[in-house]
Amino acid sequence: MKLKEINWIRVNHGKIKIPLIDYLEEIIEEQYDKGIKLKICIGTDSQKKGKGYTFATAIIIEMKEPMGMLHGKMTYVGRGAKVISGVYHEKFHIPLKERMLKEVQTSIDVGYHILDLVELYEVDMEIHADVNSDPMAGSHVAMKDAIGFITGMGFTCKVKPDSYAASSGADRLCQ
């Protein structure tokens, strides 16, 4: 799936009518000017629909306001998050491990698409994989590959239970 084929929406705000990168830049600049620290978490999940799958990618922009120094370290208070989602469909069966890695690939593609912007504004970014560290879980079959793929591409990786952009955000969006 090519990113330009995904229809992006801002959850509870509707369709994004400008390129994703421009929309994100508007949000980042607005928060940057207010002194808000941002972190972007990207995760993708999929659900079986008929003979195929629905894939959803969530871009969660966390906002934290600096409150000052405490014990020599800057402290922050949360100021909410903005959620952007993109959904697309595959009309054929995909084996579990391949599907898990397709989710990761989509998240990495989004990460690379916005990387210059993230680096320009020094925004922290993580890729969240919807894989489980519990060997009894089905998605565990792709855990080592997903972690290696994400970190090998130069991104910070989170897996369940810490991969909320994929396992919670994107999961809700693709149902």
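Does segment 30-45 include one or more residues that are over 16 Å from D124 (Cβ atoms) and modelled with pLDDT under 90?
Looking through segment 30-45, none of the residues is over 16 Å from D124 (Cβ atoms) and modelled with pLDDT under 90.
If I60 meets every condition in (1) farther than 19 Å from K160 by Cβ; (2) in contact with a Cys (Cβ under 6 Å, 6 or more places away or on another chain); (3) not basic (K, R) apart from one, which number is that one?
Exception for I60: condition (1).
Starting from segment 1-29, take each residue that is at pLDDT below 95 and surrounded by 10 or more Cβ atoms within 10 Å (Cβ to Cβ) and list its partners that are part of a helix (DSSP H, G or I) and acidic (D, E), counting only C-beta distances under 7 angstrom and pairs at least six apart or across chains.
L3/D109
Please determine whether any residue of segment 87-98 is within 28 Å of Y121 (Cβ to Cβ), at pLDDT 90 or above and acidic (D, E).
No, the conditions are met nowhere in segment 87-98.
Given (1) surrounded by fewer than 16 Cβ atoms within 10 Å (Cβ to Cβ); (2) touching a residue at least 60 places away in the same chain (Cβ under 8 Å); (3) not acidic (D, E), where does S163 come up short, assuming only one miss?
All conditions pass for S163, except number (1).
Being hydroxyl-bearing (S, T, Y) and over 20 Å from S167 (Cβ atoms), is that true of even one residue in segment 87-101? Working first, answer last.
So in segment 87-101, the residues hydroxyl-bearing (S, T, Y) come out as 88.
With over 20 Å from S167 (Cβ atoms) added as a condition, the list becomes none.
No, there is no match, as no residue in segment 87-101 is hydroxyl-bearing (S, T, Y) and over 20 Å from S167 (Cβ atoms).
When segment 30-48 is examined, which residues are found to be surrounded by fewer than 14 Cβ atoms within 10 Å (Cβ to Cβ) and not in a helix (DSSP H, G or I)?
Answer for segment 30-48, where residues must be surrounded by fewer than 14 Cβ atoms within 10 Å (Cβ to Cβ) and not in a helix (DSSP H, G or I): K34, G35, Q47, K48.
All but one of (1) surrounded by fewer than 17 Cβ atoms within 10 Å (Cβ to Cβ); (2) touching a Cys at 6+ places or on another chain (Cβ under 8 Å) hold for F55; which doesn't?
(1)
Counting only residues that are closer than 22 Å to K49 by Cα and in contact (Cβ under 8 Å) with a residue 24 or more places away in the chain, how many does segment 90-131 have?
Number satisfying all stated conditions: 19.
Please verify whether segment 111-123 includes one or more residues that are closer than 21 Å to Q47 by Cα, surrounded by fewer than 19 Cβ atoms within 10 Å (Cβ to Cβ) and out of contact with any Phe, Trp or Tyr (no Cβ under 7 Å at 6 or more places or on another chain). Break it down into steps so the answer makes sense when it comes.
Of all residues in segment 111-123, those closer than 21 Å to Q47 by Cα come to none.
Scanning segment 111-123, I find no residue that is closer than 21 Å to Q47 by Cα, surrounded by fewer than 19 Cβ atoms within 10 Å (Cβ to Cβ) and out of contact with any Phe, Trp or Tyr (no Cβ under 7 Å at 6 or more places or on another chain), so the answer is no.
The values are calculated or read from the model by the stated rules, or taken from the named source; none is laboratory data. Owing to the predicted nature of the structure, the values given are computational and were not obtained by experimental measurement. Note that each Cβ is placed from the backbone with ideal geometry, even for glycine, and that neighbours are counted across all protein chains shown.
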